[in-house]
1. May I ask for the Rg/Rh ratio of the chain, computed from Cα atoms with Rh as the Kirkwood radius, given to two decimals?
2. Work from the charge dipole of the chain (Cβ charges, +1 for Lys and Arg, -1 for Asp and Glu, about the Cα centre) and give the residue of Q90, T102, S8 farthest towards its positive end.
3. Give me the net charge for the shell around V118: Cβ to Cβ below 15 angstrom, other residues only, Lys and Arg +1, Asp and Glu -1.
4. Charges at C-beta only: +1 for Lys and Arg, -1 for Asp and Glu. How large is the resulting dipole of the range 2-120 about its Cα centre, in Debye rounded to 20?
5. Separation of the range 84-100 and the range 1-44 by C-alpha centroid, Å?
6. Which value in nm describes the separation of the simple spin-label points at C42 and S55, placed 7 Å from the Cα toward the beta carbon?
7. Run down the lysines and flag those whose C-alpha is under 23 Å from the C-alpha of K24, throwing out any fewer than 8 positions away in its chain.
8. For labels at K24 and N63 in the simple 7 Å Cα→Cβ model, what's the distance in nm?
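Readers should treat all values here as calculations from the given coordinates under stated rules, not as data from a laboratory. Treat the numbers as computed from the prediction; the structure is a model and nothing was measured. Cβ placement follows ideal geometry from the backbone for every residue including glycine, while neighbour counts extend to all protein chains displayed.
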Amino acid sequence: MANVTFSSPLHKDKTVYAVAGSHKKTILELAKENHIPIDFSCGDGECGTCLVKVSSIDPASRNKYGHMGGPLNAREVTVLKGLGKISQAQIDQMYVDDLPPTEWRLACQYIVRDEDIVVAYPSR
Ligand code: FES
């Protein structure tokens, strides 16, 4: 079970519970199920509309960069680079460390793990 807290300056914070072990549900799917109004468009990691910031509630489970989740997938890399949210050096290091080097993520691509996280939106 993971607690996912959605935080926005425009809406009341809401914490929802993600079922442990599914490892298939994205932040965007979880948000939709729980009526969290995260903006999205393509739903396929191409437009960048669903940009969010993801951070850890539990410092013990942070990686060396202090960020959560698995490495960015190729679509996230392309979109985040295009938005200027990640540098080529960070991308290169990510492939060495196999860790996400930035808190910037795409809600439609980030698979929720068994980690307690805060998802800040909108992030533009
Ligand atoms: S909705 Fe387009 S990148 Fe996530």
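1. My calculation puts Rg/Rh at 0.93.
2. S8
3. So the environment of V118 carries a net charge of +1.
4. Dipole about the Cα centre, nearest 20: 160 debye.
5. 25
6. Each label point is offset 7 Å from its Cα along the Cβ direction, giving 2.9 nm.
7. Result set, ordered by chain and number: K14, K32, K53.
8. 2.4
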